[in-house]
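To start, the structure under review is shown below, and the notes come after it.
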Amino acid sequence: MIRSLSSAVDPAGNAGIDSGVDATPYYQLNPDRVMDAVESLGFYCDGRVMALNSYENRVFQVGLDDAQPLIAKFYRPSRWSDAQILEEHQFTLELADRGVNAIAPIQHNGESLFRFSDFRFSLFPRKGGHAPELDNEDHLFELGRFLGKMHSIGEIKPFQYRPELNVTDYARVGQQHVLNSGLLGGYRQRYERLTEELLKICEQRLKQVSAPLIRVQGDCHGGNMLWRDDELMLLDFDDCRMAPAMQDIWMLLSGDKLQQQQWLSEVLEGYEEYRTFPRQELVLIEPLRTLRMIYYSGWLAQRRKDPAFIMAFPHFGGEHWWLEHVNALTQQKILLSQPPLALNPYA
């Protein structure tokens, strides 16, 4: 039986609250159950169900009899409260209404979040395209325009329920998941000492910079972007949160400093059509990268028993993995001691 969840919103909106949804294992999401969920909203499936790459939630492309296929997203129990998911939906709908190509959920009778059996799920339109070419000047200019417009909307008002990107609630939680996982073996002392140093440095940098927190996508990399018909689309706002605007920019940087400066110069030109580029936040690129690395290893440690993770990350948790991770964190400590990335003086 299905019902909308608007009446079941957890007013506190805290991450980790179950919101009344049982932690049912994902293995129960077989094709029949996926189609039953979609058809309970009045759609007619044609029997085609294809699982898409997603390790946090479960996402399927579902064929319909008389329409284009839909994307059905089943949320991991206990990760986000209903209020937090609905706030994510409201953000993408607001962006779409204001002309930003954010992939927003399909609304049914004014609702976007539903329950079927023990699962919460949403439906999205299927969109085709390919990743933008991050060495193409035209693509970079449009990327800058896209981010500038999105951030100009993101700063209008804050999230009420979505989390804030900070050391305590983001990276330190990841650090503790790793330390409590029993996976570190002989690297535990080195990892704990190194991450403590890095977290202190990052916290100090965040305090030193005047970087207003705005609503951001939060996981803005090429895999979450589609380029089609000379337009950019952004999908998967599952990690949206309050954070500096630079959080949506640094993850797209690659190459040496000269290449990154050239990249930023192209993005800046498009970005400033809608919003002043946050130059003062350039010093946060390596701190934000460091926090992400610590958070990400904790995310893997927390999900290590999920069968989908075991298949996708077969080498995670082994001695070689931790050696590479600790070495990468050591490199971050060196980068944090170096002068930050600066824009081309002519930009």
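Assorted remarks:
- Qualifying residue in segment 169-187 (condition: in contact (Cβ under 8 Å) with a residue 12 or more places away in the chain, touching a Lys or Arg at 6+ places or on another chain (Cβ under 6 Å) and either in a loop (DSSP other than H, G, I, E, B) or closer than 18 Å to Trp80 by Cα (or both)): no
- Any pair with Cβ under 6 angstrom, 6 or more apart, that starts in segment 198-220 at a residue that is assigned by TED's automatic domain parsing to the domain that holds Leu235 and ends at one that is in a loop (DSSP other than H, G, I, E, B) and crowded, with 16+ Cβ neighbours inside 10 Å: Ala211/Pro244; Arg215/Phe159; Gln217/Phe237; Gln217/Cys240; Gly218/Asp239; Gly218/Cys240; Asp219/Asp239
- Taken together, the criteria exclude Leu194 from residues that are in a loop (DSSP other than H, G, I, E, B) and touching a helix residue (DSSP H, G or I) at 6+ places or on another chain (Cβ under 8 Å).
- Some residue of segment 209-216 being at negative phi and of a type in the set (Gly, Ala, Ser): yes
- Among the residues making up segment 211-233, those that are surrounded by fewer than 22 Cβ atoms within 10 Å (Cβ to Cβ) and over 22 Å from Asn166 (Cβ atoms) are Gly222, Gly223, Asn224, Leu226, Trp227, Arg228, Asp229, Asp230, Glu231, Leu232, Met233.
Condition check ((1) touching a residue at least 40 places away in the same chain (Cβ under 8 Å); (2) out of contact with any strand residue (DSSP E or B) (no Cβ under 6 Å at 6 or more places or on another chain); (3) under 24 Å from Cys45 (Cα atoms)) across all residues:
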{"residue": "Asn57", "(1), (2), (3)": "yes, no, yes"}
{"residue": "Asp66", "(1), (2), (3)": "no, yes, yes"}
{"residue": "Pro69", "(1), (2), (3)": "yes, no, yes"}
{"residue": "Tyr75", "(1), (2), (3)": "yes, no, yes"}
{"residue": "Thr92", "(1), (2), (3)": "yes, no, no"}
{"residue": "Leu95", "(1), (2), (3)": "yes, no, no"}
{"residue": "Asn101", "(1), (2), (3)": "yes, no, no"}
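- Exactly one residue out of Leu258, Leu264, Leu282 is hydrophobic (A, V, I, L, M, F, W, C), in a helix (DSSP H, G or I), touching a residue at least 12 places away in the same chain (Cβ under 8 Å) and out of contact with any Pro (no Cβ under 6 Å at 6 or more places or on another chain), and it is Leu264.
- Counted residues, segment 50-60 - those being surrounded by fewer than 16 Cβ atoms within 10 Å (Cβ to Cβ) and in a strand (DSSP E or B): 3
- Matching residues in segment 73-129 - criterion: being modelled with pLDDT of 95 or more, touching a Ser or Thr at 6+ places or on another chain (Cβ under 7 Å), of a type in the set (Asp, Glu) and outside any strand (DSSP E or B): Asp82
- Within segment 156-175, if we keep just the residues that are surrounded by fewer than 15 Cβ atoms within 10 Å (Cβ to Cβ) and not β-branched (Val, Ile, Thr), the residue that is nearest to Leu300 (Cα to Cα) turns out to be Asp169.
The values are calculated or read from the model by the stated rules, or taken from the named source; none is laboratory data. Computed from a prediction, not measured in an experiment: that's the story for all the values here. All Cβ positions, even for glycine, are placed from backbone atoms using ideal geometry, and neighbour counts span all protein chains on display.
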